[in-house]
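Undergrad: My questions will all concern the structure given below.
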Amino acid sequence: MKLLLGSLILLPLLSSAGTLKIDQTKSRIQVDAKATGHEFTGTLSTFDAKVTGDDTALTPTSVNLTWKFSDLKTEDDKRDKEMIKWLGGGGSEGSFTFTKTWTDKGKTYAMGNLKIHGISKAISFPYTSRKEGNWMTIDGTASLDYEDFGLPLIRSMAVMTVNPKLTVRFHLTGEVN
């Protein structure tokens, strides 16, 4: 009995804390948008992600993600330039800082503060994580409304509108150290 109790007390100490070194060549962050008559996707070509957590339980303890909107490319140079103007200029940056995680009805969720256009809002979204050897992959999808961040509705030529509801998809792959 003492051995069992001693083992249970030591179990939390045996969990493995790790830092995830993101491989940007195997990772992607994309934003899906719908506009009048068409849809488009922006892909973040460069970002900085710092992720730590329990790599045995696959739960994060810290996630800090930062990016420059000038690195968000939609495969349309004119649209990309207009997006930067809409965001307030070439130095526009965004960030996400993790605050907590939980499981509900078999799904795992994360919550954090998303900062865009100088405004920070709490968002939550489902995600999955898996580990193979020293490699870990985290996938998820978050929905947001760009008007919640003080950004005006995008209209062009009085007929084309970009829906303010956006979908952010992420696939982060990296090695656990």
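The values are calculated or read from the model by the stated rules, or taken from the named source; none is laboratory data. None of these values were measured; they are calculated from a predicted model. Don't worry about glycine lacking a Cβ; one is built from the backbone with ideal geometry, like all the others, and counts go over all protein chains shown. The accessibility values were calculated without ligands, DNA or RNA, using every heavy atom of the protein model including side chains. Shrake-Rupley method; radii C 1.70, N 1.55, O 1.52, S 1.80 Å.
Undergrad: For the Cα atoms of the chain, what angle does the longest principal axis make with the long axis of helix 2-14, in degrees from 0 to 90, nearest 10?
TA: Rounded to the nearest ten degrees, it is 30.
Undergrad: I've got another one for you. Leaving out ligands, DNA and RNA, and with a 1.4 Å probe, what % of the accessible surface on region 45-177 is carbon or sulfur?
TA: Values: 3980 of 7610 Å².
Reported share for carbon and sulfur atoms: 52 percent.
Undergrad: If you don't mind, there's one more thing I want to ask. Residues of region 25-177: accessible area per residue at 1.4 Å, in Å²?
TA: Numbers: 8750 Å² over 153 residues.
Averaged over the residues of region 25-177, the accessible area is 57 Å².
Undergrad: Still on this model: What order do you get for 60-71, 115-126 when each peptide is scored by the mean count of other beta carbon atoms within 10 Å, highest first?
TA: Details: 60-71: 16.8, 115-126: 14.2.
Ranked from most to least packed, the peptides come out as 60-71, 115-126.
Undergrad: Which net charge results for the neighbourhood of Leu65, defined as the other residues with beta-carbon distances under 9 angstrom from its beta-carbon, given Lys and Arg at +1 and Asp and Glu at -1? Don't skip to the end; give the middle numbers.
TA: Numbers: positive: Lys50; negative: Asp48.
With Lys, Arg at +1 and Asp, Glu at -1, the net is 0.
Undergrad: Hey, got the dipole for region 125-165? About the Cα centre, +1 on K and R Cβ, -1 on D and E Cβ, debye to the nearest 20?
TA: It works out to roughly 100 debye.
Undergrad: Could you give the length gained by full extension between Asn163 and Asp80, i.e. 0.36 nm per residue of separation minus their alpha carbon distance, to one decimal place?
TA: On the way: separation 83, 0.36 × 83 = 29.88 nm, distance 1.64 nm.
Full extension of this stretch gives 28.2 nm more.
Undergrad: Compute the acute angle (0 to 90°) between the alpha-carbon long axis of helix 77-87 and the principal axis of greatest extent of the alpha-carbon atoms of the chain; round to the nearest 10°.
TA: Roughly 80 degrees, rounded to the nearest 10.
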